[in-house]
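Written out below as structure tokens is the structure these notes cover.
The values are calculated or read from the model by the stated rules, or taken from the named source; none is laboratory data. Only a predicted model underlies this, so the values are computations on that prediction, with no experimental measurement involved. As a convention, Cβ positions derive from the backbone with ideal geometry for all residues, glycine included, and neighbour counts pool all protein chains shown.
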Amino acid sequence: MQTRCIPDLGRPLTDTLKSLIRLSLSLGLMGLFLYLAFSGTPTDQLWHTLSGASPLWIAAMVAMTLGTVALRAWRWTVLLRPSAPQVRVWDASVALAICYAANIVIPRSGEAARAVSLRWSRQAPIGASLATVVVERILDMVILALFVGVAMALLQGRLEATYPWIQPAAAVCLVGCAALLCGLVLAHRHREATLSLARRLMSPLSKRLAARMVDLIDTFLGGLAALRNRSAYLEILASSCLLNAGYVTIVYGGFRACDLAAIAPVGWTAALVVMAVSSIGVVVPTPGGTGSYHLFFSQSLLLFGVPGAAALACATLVHAMATLLYLALGGPGFLYQRHRAARAVAVHDSGEPPVQRCSP
């Protein structure tokens, strides 16, 4: 008797349902934060500030935002150097633009998207790329905790009065991320022992699954090789300092674009504090930080005497500028990378040699 193989559709349906639930929760959080941020704010005052924004300062913010993408790409290539030395700053910049655009559409989808982008453009191993993404995110959280500490020192208790949870949260974040980073370094240094432990833990469940998981873990640990290279630490430190200085400058540009200095004493100190606090809003899993970024940005500006409507207008301007820029870069970048990958596969399947462009 001949048997028919019926495809198991349960898992795809379950994955789709989980994705829909996560997206619904993210949109719900966005709606909640937008309501908390904009509730009771006169729209005419918002529009008055936004319509009077300086085009020159907006252009400067756009230029600085492009600069931060390049700086983050530089830091990422340093982390990628041992596992994917062929990746250039330009490749990483395109992948980051795709990442930011994807996060605006589907929160937290960008990290996988940028790893796939490098796979398409430079055949970089996805597992190793994701390992460097994990290290990058840990570094970001450590730096965020440090900046929040500086902001608390600058405001001398006013920030803790507004956010009573911020001091213990920053301390837990700093200690936890530092411990996780040390754990990754130890796992890489003792790579064989880590793989052996993973193999022993998973073999009783399924030897085939254990072999696949050990291969994935091995690839992931290979992506951590930059953590053993002491000469890379200086580049990582320099790029991180310049990157966060760029973020502070973008916020300061928002102040100048909205002419907030005419109504309140806001300068570089305020820009640093607002950058640190508003970054917490980016951590919240809303699409592109929408809503959460506006709330934390505007509330931190209130500490410097900026009226609520003007603070929200500035937050809206900075967020809209970045969002539109990332979509304008990331969307076409994704389509271009996908087209290149599909074309390469078609050439490979047809057996035709790739076309090489000769320089004159």
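Overview of results
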read-out	value
Helices (runs of 4 or more DSSP H) wholly inside region 215-315 containing at least 1 residues that are in contact with a Lys or Arg (Cβ under 9 Å, 6 or more places away or on another chain) and under 20 Å from V150 (Cβ atoms)	230-257
Flag for V135 being of a type in the set (V, I, T), within 18 Å of the chain's Cα centre (by Cα) and over 14 Å from A276 (Cα atoms)	yes
Odd one out for L201, checked against (1) modelled with pLDDT under 90; (2) hydrophobic (A, V, I, L, M, F, W, C); (3) surrounded by fewer than 11 Cβ atoms within 10 Å (Cβ to Cβ)	(3)
Only listed residue being surrounded by fewer than 24 Cβ atoms within 10 Å (Cβ to Cβ) and closer than 22 Å to M30 by Cα, chosen from G288, G267, G333	G288
Qualifying residue in region 143-160 (condition: touching a residue at least 40 places away in the same chain (Cβ under 8 Å) and not in a helix (DSSP H, G or I))	no
Residue match in region 73-95 (condition: modelled with pLDDT under 90 and polar (S, T, N, Q))	yes
